[in-house]
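Here's a structure for you.
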Amino acid sequence: MFKFFRDGFYRDYIILILVTIIVGAAVSSGVAWAVDSYFGDTIQDVIGDNGEYDLILHVREASKEAALRELERIADQQFKGAVINQTISVAGQANFLFGFPQEAKTEDTFSRLPSIFNGVPGLSSYTVIVEPSVLVRGVHPSVSQTLQQRFSQLDGVDFAFKDGKNMLVVLESAEHSKAVMNEIREILKEYQVLEVRFPIGFEVDVQKTAHAVMEVLKEQAKSAKLSNVSSAEYGEELDALMKTLVEMRHFLLSYASKVKITLNHNSNLVVGEQIIVQGMSEQAPIKGESIAPDHVVIEVLDVQGNQAQGMIVSGSIAEAGEVLVQAGYKYHSDDLVGEPVGEVQLENERYRLNYAISESLRLLEELDELSVEAAVAVERADAVLTTFQEALMQLEVLQVQMRQLNEGLAENGAQSTSEQLIISLFLNGLLKNIAKSGSEGAAEYGLDSLENLDVASMRSSLGSISEQISNVQEIDVQAIINQIVDIRDSLPELDDEEIGKSVRLVDNYIGGQVIPGERIQILVENATIDEEKVEPLIREQLDNQYLNTYTISVGTVNPDTRTEVFRILKEVRATIAGILSIVFVGVFLMLDHASIFSTLKWIRANKKASKNRLVRYFNPVMILGVIVGTALLTATYTLSRAAIPYVSMSTVLIIGAVLGGLIGMFSEKFSPVHADEIMAGLSLGLSNVQIMHEIVIPASRPGLLNLLNRTKQRF
Amino acid sequence: MLKIKGLKKQYGKQIAIDGVDLEVKRGETIVIMGPSGCGKSTTIRCINRLTEPDAGEILLDGQSVLSLKDEELRRFRRTIGFVFQQFNLIARLTVLDNVMFHLVLAGIPRAEAEARAKQALAKVGLTGSEKKYPSALSGGEQQRVGIARALVSNPQLMLWDEPTASLDPILVGEVLEVMEELVQTTKTTSIIVTHEVGFALKAADRIVLMDRGRIVESGAPQVIFNDPQSEIGKKYQRLIAC
Ligand SMILES: Nc1ncnc2c1ncn2[C@@H]1O[C@H](COP(=O)(O)OP(=O)(O)OP(=O)(O)O)[C@@H](O)[C@H]1O
Ligand SMILES: [Mg+2]
């Protein structure tokens, strides 16, 4: 085979390989560079030149005119010389680039960002792109103050400021970037936040528990400076959301029907299991039979001894006014009623609440009426009293007159005895009549008791009653009623099933999340604690097998946005170059080398079979293919500075070898040999190199080989 | 002039020729006949080493052909004309280029090569077709280009491997005419493999019959066809009788 190259074709072949490599590298890196610079320019357009802008303000599209006016006002009044530029809009958000004038690029300015741009209409958020800078993400609040100070003092650092959970370290110049990043990494390593998490449902006393945890840690690292920073992150957005969700869960549950289960002594029920009760159904569940659609399904939320609690996840007891006590059965997903588990007590909270409100409303209405009636009654009583008093006075006068009359009669002798009798009868009857008109019961008292009545005190108590009644009337009962009606009507019309679903949703969301009060964070300085090693110790100390420990970094270093974007671009460029190298080498192996390989194979086939077993087993053309493929790809890949993520150089070597080997093996498929033409060439006394130049290559596919051959070819 | 001794060639297990001995005198026209697969092509291909024999000896004017190396071999091949059954023209070259290109590559000035090529084309009756491409020609014309290409270097020996076998019967005549003309006028030493019995009778000085990789009989055409000794010879005799 090598004989074939001996008469001069090897020179052509080496030139071909070199040219392929150079062209391949040039094309691969050229295309990659073009893509790179296209994106680079686009990015330049989007975020401006290096250091030109400090912020991207994201503003609602609708408010962009007003926002621009406000930004111009801010620039004009506070930052003379600031640059503002509107850049692309994305998803209904207009974006403004804002660059502070050089002298305003200070820590003070950047720490006041929220207040400076507070008044920009439609502002939804902003991104700090100040350059050159180093971005430290997720700075733990417990150390942010310290870190800000320490970072500011580093060589090459202008100042550092907090931007939410991130800290931006602004550099004096871009050259410092690497050194500062390294130093920041070193500083961050000095701090460790060890977190102890408790599963949902564990309420811990943060102070006491943290103290206990620190005792354990102290044992482990004597020199460590430990502080409880559990609350440092409270009030952060996520936690606030979690708190809200937990509250919502409580609220929803308190609103759901109360389900208490008293377990039979032999039934064991675990949290999450479902049980079934009759509910408002006509028909009680029967073990082994399928459940009715109006049976109520309950999910178990908590089990303590033989008492369990649950919530209704399907079905309703809305109409049940009173507490229901029913037998509960296990419910499996096969829709059959299972073993009885115990007695289930169901209480519809909302029904009771509704009932109570309705009752009090009725009461209020009655009270209102009552006060009016009472006022009338008091008035009437007053009038009666007055009449009564007048009558009493007349009665006294009458008594005096009668006494005088009696006395007069007695003085006037016996002949007037019958007259006397008639008169005294008349007087008594009269007296009775007077008493009757004053008060109905008064007659029973007789005249003597009438005299004993304390009319004055009666009158005064009547006065105070009347006063109280008028107080009652002054209260705007109707307003209260309206209010209560409102409350009643605004009770959400959720049924138990919906509440159950909502609670499950909340549970799913908060499942695995940290709930404030259920985790402890300890800041460790001057030491590193292996969280896996202390976990069992803390579990033992707190007597809780379910807690977990984690190490949380106090911040991670990232280059600034632009550097990051350009780093990614560089990666993209290298990847494109890599892929292009592979494609290029594959294509040119196919276009150029396949025809050479086929010719070599044909010539070999026409020679005497080799005695060498190695040569017989390892097709030398395939080996040549492997070598050429490897050489081409390795060189092209390296020269085009390609790098595909997760593809190592040895993988590239293998890809090259496989490509070359495959094309060596199947070369006739890509470039069939014109055997009769070669045969003619041989019979005419042409050399191998002449056969290549005049017969094989001109007839092969157009490629580099074909192109290079143009200078050699004579016909 | 040409002496072949004990020539053997084997393709894997398949024996193509099994000890061929043949002597050819200058100016002689030898026709090799024999059934398909008996080793005719292999024998004549070995002469200019398009096929490398496994064993044996080939002497041309006393010189060992099999010991020729690279450039010597090529120079030797340029003195041997070879006509292929399938014409084996270079498809991308014109008729003229097909006939002259190897002369140019061998170092002959273009003008001279062109003149010689035109002469050769005239000899085979193709004047006027110089600018055509092989695909535009009939089979007979293509084969005549092939003949011109072999002739143009004034070979000392012409080897013909069934030059008419892949032609229409109608076109066979024109090629045979050219062949006869050449054999009769130029007196170039020729070894012709063909199944054309008529041509053999007319043109051959000697007929060589092959069977299963060996030469079974050889002699003047009259002798071979009138009094064949071999089975193959008898078959040919019967063929002529009908
Ligand atoms: N390249 C090859 N590889 C394998 N076997 C071959 C090859 N060339 C020829 N043979 C075999 O060698 C034997 C002789 O072949 P050769 O071509 O010499 O016969 P031939 O007499 O020319 O036949 P034909 O009249 O068909 O042309 C045949 O059996 C053929 O199958
Ligand atoms: Mg043959």
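Project the alpha carbons of the range B:1-103 onto their principal axes and report the range along each, largest first, in whole Å.
Cα spread of the range B:1-103 along its principal axes, largest to smallest: 41, 31, 28 Å.
Please work out the Cα center distance from the range A:262-309 to the range B:31-50, rounded to the nearest Å.
Here the answer is 99 Å between Cα centres.
What pairs from B:Lys3/B:Lys235; A:Lys178/A:Lys570; A:Lys3/B:Lys25; A:Lys189/A:Lys225; B:Lys40/B:Lys118 go past 23 Å between their alpha carbons? Intermediate results must be reported in sequence, preceding the final value.
Values: B:Lys3/B:Lys235 28 Å; A:Lys178/A:Lys570 17 Å; A:Lys3/B:Lys25 35 Å; A:Lys189/A:Lys225 14 Å; B:Lys40/B:Lys118 32 Å.
The answer is B:Lys3/B:Lys235; A:Lys3/B:Lys25; B:Lys40/B:Lys118.
Enter the mean projected area of the convex hull around the alpha-carbon atoms of the range A:596-715, in nm², rounded to one decimal.
Numbers: hull surface 37.1 nm².
Average projection, Cα convex hull of the range A:596-715: 9.3 nm².
Tell me what chain B gives for mean residue ellipticity at 222 nm when only DSSP H runs of n ≥ 4 count, each as -39,500 (n - 2.57), the sum divided by the residue total, rounded to 500 deg cm²/dmol. Write down the numbers at each step before the final one.
Details: 9 runs with 96 residues, N = 242.
It lands at -12000 deg cm²/dmol.
Kindly provide the Kirkwood hydrodynamic radius of chain B in Å, to one decimal, from all pairs of distinct alpha carbon atoms.
After inverting the pairwise mean of 1/r, the radius is 18.5 Å.
Now for a different question. What value does the range A:258-347 have for Rg/Rh, both radii from Cα atoms and Rh as Kirkwood defines it?
With Rh from the inverse mean 1/r over Cα pairs, Rg/Rh is 0.92.
If you don't mind, another one. Percent antiparallel among DSSP beta bridges with both residues in the protein assembly as shown, to the nearest 5?
85
On to the next question. Among the residues of the range A:670-691, which ones have their accessible area go down by 20 Å² or more when all the protein chains sit together, as opposed to their chain alone (1.4 Å probe)?
Listed by number, the residues meeting the 20 Å² cut-off are A:Asp676, A:Glu677, A:Met679, A:Ala680, A:Leu682, A:Ser683, A:Leu684, A:Gly685, A:Leu686, A:Ser687, A:Gln690.
Once Rh for the range A:1-120 is found with the Kirkwood sum over Cα pairs, what is the Stokes-Einstein diffusion coefficient at 25 °C and 0.890 mPa s, in µm²/s?
Roughly 133 µm²/s, to the nearest whole number.
Also, quick follow-up: Could you give me the ³J(HN,Hα) list for the range A:668-680, computed from phi with Karplus coefficients 6.51, -1.76, 1.60 and θ = phi - 60°, whole Hz, x at Gly and Pro?
5, 5, 8, 8, x, 8, 8, 4, 5, 5, 5, 4, 4
Just checking the output field for B:141-152: average partner chain Cβ neighbours within 10 Å of each residue's Cβ?
Values: counts 0, 0, 0, 0, 0, 1, 0, 0, 3, 3, 0, 1.
Mean number of neighbouring Cβ atoms from other chains: 1.
Checking an interface number: how much accessible area is buried between A and B, summed over both chains, with a 1.4 Å probe, in Å² rounded to 100?
Protein heavy atoms only, the A-B interface buries about 2300 Å².
Related question: For the range B:87-154, what log10 I(q)/I(0) values come out of the Debye formula at q = 0.14, 0.15, 0.16, 0.29 1/Å, with one point per alpha carbon and no solvent?
Those come out to -0.32, -0.37, -0.42, -1.40, one per q.
Related question: Given H placed 1.01 Å from N in the peptide plane, which residues other than close sequence neighbours of B:Val216 have an amide H under 5 Å from its amide H?
B:Leu209, B:Met210, B:Asp211
Just the Cα atoms of the range A:51-130: what Rg and Dmax do they give in Å?
Rg then Dmax for the range A:51-130, in Å: 11.5, 34.
For the range B:174-242, what relative contact order do you get, as a whole percent, if you take Cα pairs closer than 8 Å and at least 6 residues apart?
Answer for the range B:174-242 is 19 percent.
Something else now. Explain nothing, just compute: Karplus ³J(HN,Hα) = 6.51 cos²θ - 1.76 cosθ + 1.60, θ = phi - 60°, for every residue of the range A:619-624 in order, whole Hz, x for Gly and Pro.
Along the range A:619-624, the couplings run 4, x, 5, 5, 5, 4 Hz.
Quick check: convex hull over the Cα atoms of the range A:649-712, volume per residue in Å³, rounded to an integer?
104
Return the long-range amide H neighbours of A:Val313 (sequence gap of 5 or more, or a different chain), with a cut-off of under 5 Å between placed amide H atoms.
Close amide H contacts, sequence-distant or interchain: A:Val297, A:Ile298, A:Glu299.
Quick query: amide H of A:Asn558 versus all other amide H atoms, modeled in the peptide plane; which residues come in under 5 Å with a sequence gap of 5 or more or a different chain?
A:Leu135, A:Val136, A:Arg137
Now a separate question. So what is the accessible area of the range A:21-114 per residue, in Å², with the probe set to 1.4 Å? Don't skip to the end; give the middle numbers.
Values: 4810 Å² over 94 residues.
Spelled out: the 1.4 Å probe surface of the range A:21-114, per residue, equals 51 Å².
Sorted by accessible area (1.4 Å probe), largest first, how do A:Met692, A:Met248 line up?
On the way: A:Met692 0, A:Met248 90 Å².
Sorted descending by solvent-accessible area, the residues read A:Met248, A:Met692.
On the full set of protein chains, 1.4 Å probe, figure out the accessible area of A:Tyr351 and give it in Å² to the nearest 10.
Spelled out: A:Tyr351, probe radius 1.4 Å, area about 80 Å².
Let me ask something additional. How about the range B:81-169: which trypsin sites (Lys or Arg not before Pro) there are in a DSSP loop, with at most 12 other Cβ atoms within 10 Å of their Cβ?
B:Lys131
Right, another one. With θ set to phi - 60°, apply the Karplus curve 6.51 cos²θ - 1.76 cosθ + 1.60 along the range B:232-242 and write out the HN-Hα couplings as whole Hz, x wherever there is a Gly or Pro.
So the J values, rounded to whole Hz, are 4, x, 5, 5, 4, 4, 4, 4, 5, 4, 6.
Just the ratio, please: alpha-carbon radius of gyration of the protein assembly as shown over 2.2 N^0.38 Å, N its number of residues.
On the way: Rg = 59.2 Å, N = 957, 2.2 N^0.38 = 29.9 Å.
Working it through for the protein assembly as shown, the quotient is 1.98.
The values are calculated or read from the model by the stated rules, or taken from the named source; none is laboratory data. Everything numeric here is computed off the predicted structure, so don't read it as measured data. Positions of Cβ are backbone-derived with ideal geometry, glycine not excepted, and every protein chain shown enters the neighbour counts. These area figures cover heavy atoms from the full protein model, side chains too; ligands, DNA and RNA do not enter into them. Shrake-Rupley method; radii C 1.70, N 1.55, O 1.52, S 1.80 Å.
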